[in-house]
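Quick notes on the structure that follows.
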């Protein structure tokens, strides 16, 4: 199958690197960064493009763009890994809609379009007989979407409950372990690249809430939005509150919770026993899925990072290759 | 799709109960217990059969058998959940071979045939264009096969490392927490139904070793057998050894380890830091998958139990319905 990739940040480059070295049978026919694009219907020379990008910062022809690829290039799957805008979803949203309308599968790490418009995108995909892969939008490398859709198929999921934001988990871990203040821990997280210059989305719980909305809409076909999430962040958590909790063998974590049957969604700092399975360290994510038959299944892993996100993109690509290739 | 079920122990009954209550689109056309069978090509009355089984201990016609179902009934998927014989694989092995040879998909919880003959069974399935689902053979409700095959597709798995036997984990947990001797903890495990009357397979590490062999052969197409596993059990672990470990904030767990690149497999009691993600309590299982892109992904859940095994069977059934139904 032929793959077009929009976005050559760390994730896009990571996907390209794996496709250059592994025998996946996937051919990359187009690549775009924010300023240029390359289209080669027989397959681009991935290593040459990566080298050029590294040397010049530009991957291809300045007269071509991501939009040109979407509308005119020859591909079966669009990999959309441009930066996220969680308010409008653009420009990714338009790229994804156009690709789906052309009957192309889409794989994306872009939270904006999926959180804002999944029901509509899913409808277009269904009409055209294609699928949208978005494993990379929730919990990075943890295959939570695959697990909910396939691994635990047949189960009634009572609750999804977990640590979905690594930045907050890092800050709370450091406040607990080193008695840092919130401000000190946030500064450290920034210096280490775990928090953005503007950390609002992470620390206010919005990033975790977005992931709940994606799960609710995409796995359970609900039609909810960010406003439906009861959302509190970690910026009011004090070192003293954590110390008090730890005296009783508890600690504080930012927990995201979704109850599919009612659509109830909540993100808030909560007390958990210190030996609880969901108490993970530093930037790890941990999700417990509570079910009727399988009991509780917990998944732990890295929730962010370019290679980790590339891993999720690849698993979606390979699933589409294995189960949705109409040419075989 | 039409489903035939061999075996009406707790797992088989659990699968039937879910198929009776959920709208899966799967029709049960045949059921066998060890003494009798029912065949109804338009679909059996599941609730009536379960009631009859409960009342009389027998599900159907004494002149019919599991073998009759396999060779003559009308079904698309054979669910094989008869008791396991890990030395010969029989009679399950013959049932599975015959069903595959007839071009039927097979879903099984039966470790024997999969551990002993996966390469051969896989070959028959491939020739006939059908698949074998065996999620239930490794770690009960934890979707480890799905995760390795699909969720982490595109990753190079460096190591699988974890607690694959709940009985041993229960015994070691109780020895650590309550200072029980090995004999006392084993007795307790038996009384609670966590250990068999003859616990040899569990406590000698053979059950965990069998699961490694299944993963090695089925996920990585190796061709290994139980003799290739370097295997030690927990029967030589003393309360004193655990106490010594705990003094240094370590504890002892029976760890199964597989390195796909070399085929190296080992089961042995090992020291782990007490706050290690794989230190789970009682009968839980925990598996860490170490990869190049996704980093370490850990899955924790119930590794045994009839509903948990039924959950794994169902996920295989639904995957086959969704991706291998040739009638759609």
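Just a few scattered comments:
- Chain A: most fluctuating residue of A:185, A:268, A:153 per GNM, C-alpha cutoff 10 Å: A:153
- For the range B:199-239, the equivalent ellipsoid derived from the Cα gyration tensor has semi-axes of 24, 8, 8 Å, listed largest first.
- Computed from the C-beta positions of residue B:192 and residue A:220, the FRET efficiency with R₀ = 25 Å rounds to 0.10.
- Length added when fully stretched, residue A:63-residue A:85, from 0.36 nm per residue minus Cα-Cα: 5.5 nm
- Remark: A:29, B:71, B:262 ranked as B:262, B:71, A:29, counting other beta-carbon atoms within 10 Å and listing the fewest first.
- Counting every alpha-carbon pair across the range A:246-307, the share separated by more than 19 Å comes to 41%.
- Each of B:324, A:95, B:201 has some number of other Cβ atoms within 10 Å of its Cβ, and from fewest to most they run B:324, B:201, A:95.
- Think of it as helices only: each DSSP H run of n ≥ 4 in chain B is worth -39500 (n - 2.57), and spread over all residues that comes to -12000 deg cm²/dmol at 222 nm.
- The relative contact order of chain B comes to 19 percent, based on Cα pairs under 8 Å that sit 6 or more residues apart.
- When the convex hull of its Cα atoms is projected in every direction, mean area for the range A:62-158 (nm²): 7.4 nm²
- A:225, B:36 arranged by Cβ crowding within 10 Å, fewest neighbours leading: A:225, B:36
- Euclidean distance between Cα centres, the range B:17-96 to the range A:220-248, Å: 49 Å
- Overall form of the range B:1-79 per C-alpha gyration tensor (a/c, 1.5; a/b vs b/c): oblate
- Extending 7 Å from Cα along the Cβ direction at residue B:271 and again at residue A:249 yields two label points whose distance is 2.5 nm.
- When chain B is treated as a GNM with alpha-carbon contacts under 10 Å, the residue of B:61, B:156, B:198 showing the greatest mean-square fluctuation is B:198.
- Relative intensity, log₁₀ I(q)/I(0), of chain A from a Debye sum that treats every alpha carbon as a point, q = 0.07 Å⁻¹: -0.29
- Debye equation applied to the C-alpha atoms of the range A:154-302, log10 I(q)/I(0) at 0.16 Å⁻¹: -0.83
- With Cα atoms, 0 to 90° folded angle of helix B:92-101 axis to chain B main axis: 50 degrees
- Rel. contact order, % - alpha carbon contacts under 8 angstrom, at least six apart, the range A:154-302: 36 percent
- The C-alpha atoms of chain B define a longest principal axis, and helix B:111-128 lies at about 50 degrees to it.
- The protein assembly as shown: C-alpha gyration tensor shape, a/c 1.5 cut-off, then a/b vs b/c: oblate
- The angle between the Cα long axis of helix A:182-191 and the longest principal axis of the Cα atoms of chain A comes to about 30 degrees, rounded to the nearest 10.
Computed from the coordinates by the stated procedures, all read-outs in this text should not be read as laboratory data. Here the structure is a predicted model, which is why all the values come from computation and not from measurement. Positions of Cβ are generated from backbone atoms using ideal geometry, with glycine treated the same way; all protein chains shown enter the neighbour counts.
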